[in-house]
Amino acid sequence: MPPKCPVCLKLVGGSYVTFADVAYHRECFKCAKCDEVIPAGDVICDKMGLRTCEKCAIAADPTLAEKKVCAACDKPIDRAWVNGLGLKWHTDCFACMGCKRVIDPKERFYKEMKDGKPCPQCSGCKLGEGSTEKERKCKACGKPIDSFCVVALNEFYHHVCFKCSMCRAVINTKEPFHIQDDKAICRKCNDEHFRRRCRECHQIIKGTCLIYKDDAYHYSCLSCDTCNIQFTEADSADIRVVNGRLFKHSKCATYCFE
């Protein structure tokens with residue numbers, strides 16, 4: 001079966017981009033900063049693991065335009081590279097020192113030393129130190145793990161066994177997931193069951209919001225009751241609640257505050 005693009009979660013067919021052993025639709029392979037499609041050879045991962053285009057990376061750190069040498073193979077880097085462990089690497093050279101798997105800079109990895117040089121180690125190899133692959137068992141099904149696996153909550157899982165504890169769907173580990181009561185929750189279930197919703201529009205709130213008593217509001221869903229100007233995040237310290245129900249700018253509030 002063709003792989004799924006981790007961005008749109010649709011099957012990848014025809015021509016596609018491969019980065020850190022993951023396949024993307026060309027139109028889904030975008031810069032995290034400017035949201036423009038990145039040519040496959042121009043991708044850079046910054047210190048936070050964000051996938052960016054070369055232009056945005058150099059704008060944030062002009063030293064990236066200087067001559068670069070890969071920390072693994074000591075060969076010049078002319079196009080795509082990864083920033084990791086304070087060094088620069090070819091994307092295909094940023095691999096686990098144990099299992100040799102190419103590491104996605106957005107996943108958890110560890111710093112180890114080899115021959116006096118820092119090297120990345122994936123979480124699977126780090127947590128499995130002292131045990132062989134035959135000794136690793138899936139936390140969900142109890143069967144041995146003899147290939148790549150998911151490491152989460154300090155346990156090992158087969159990819160197909162790592163499921164949301166609520167909807168039981170397999171969790172795509174290339175996407176964020178959440179932990180509730182020491183159980184994995186997919187992003188969709190987390191949004192539906194645990195994220196705040198705006199009292200006015202009833203939509204999920206992402207980012208900052210206005211909290212009053214037990215309710216949350218998008219700033220854009222509220223307007224001053226006196227001047228009728230819509231609130232923005234910049235008004236957060238200037239909003240007053242009058243009589244327990246009217247939101248006003250401080251200059252417009254003429255009643256007793258709560």
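The values are calculated or read from the model by the stated rules, or taken from the named source; none is laboratory data. All values reported here derive from a predicted model rather than from experimental measurement. Because the Cβ atoms are built from the backbone with ideal geometry, glycine has one as well, and the counts that use them run over all protein chains shown. In case anyone asks, the SASA skips ligands and DNA or RNA and just uses the protein heavy atoms, side chains included. Shrake-Rupley method; radii C 1.70, N 1.55, O 1.52, S 1.80 Å.
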Cβ-placed point charges (K, R +1; D, E -1), dipole of the stretch 149-258 about Cα centre in debye, nearest 20: 220 debye
Could you identify which residue out of HIS158, HIS202, HIS90 has the top mean-square fluctuation in a GNM of the chain using Cα springs shorter than 10 Å? HIS202
Using Cα-Cα distances under 8 Å and only pairs 6 or more residues apart, what relative contact order does the chain have, in percent? 7 percent
Give the percent of DSSP beta bridges with both residues in the stretch 193-255 that are antiparallel, rounded to the nearest 5. 90 percent
Diffusion coefficient in µm²/s returned for the chain by Stokes-Einstein, Kirkwood Rh over C-alpha pairs, 10 °C and 1.306 mPa s, is 72 µm²/s
Sorting ILE179, ALA72, CYS99 by the position of each Cα along the dipole of the chain (Lys, Arg +1; Asp, Glu -1; all at Cβ), the one nearest the positive end of that ordering is CYS99
Along the charge dipole of the stretch 135-258, which of TYR157, SER223, CYS141 sits closest to the positive end, that is, farthest toward it, with unit charges on the beta carbon of Lys, Arg, Asp and Glu (+1, +1, -1, -1)? CYS141
CYS28 - accessible surface, heavy atoms, 1.4 Å probe, Å² rounded to 10: 20 Å²
Nearest 5 percent is fine: what portion of the DSSP beta bridges confined to the chain is antiparallel? 95 percent
Using +1 on the beta carbon of Lys and Arg, -1 on that of Asp and Glu, and nothing else charged, what's the dipole of the chain about the Cα centre, debye to 20? 480 debye
GNM, the chain, Cα, under 10 Å: largest mean-square fluctuation among LEU85, LEU11, LEU246? LEU246
Calculate what fraction, in whole %, of the accessible area of the chain sits on carbon and sulfur atoms when a 1.4 Å probe is rolled over the protein chains. 50 percent
Test item: Cα-centred dipole of the stretch 171-223, Lys/Arg +1 and Asp/Glu -1 on Cβ, debye: 140 debye
Leaving out ligands and nucleic acids, and using a 1.4 Å probe, what accessible area per residue does the chain come to in Å²? 62 Å²
If I build a Gaussian network model for the chain, linking alpha-carbon pairs within less than 10 angstrom, which residue out of VAL22, VAL241, VAL102 has the largest mean-square fluctuation? VAL241
Long-range amide H partners of CYS70 with built H, under 5 Å: LYS75, ILE77
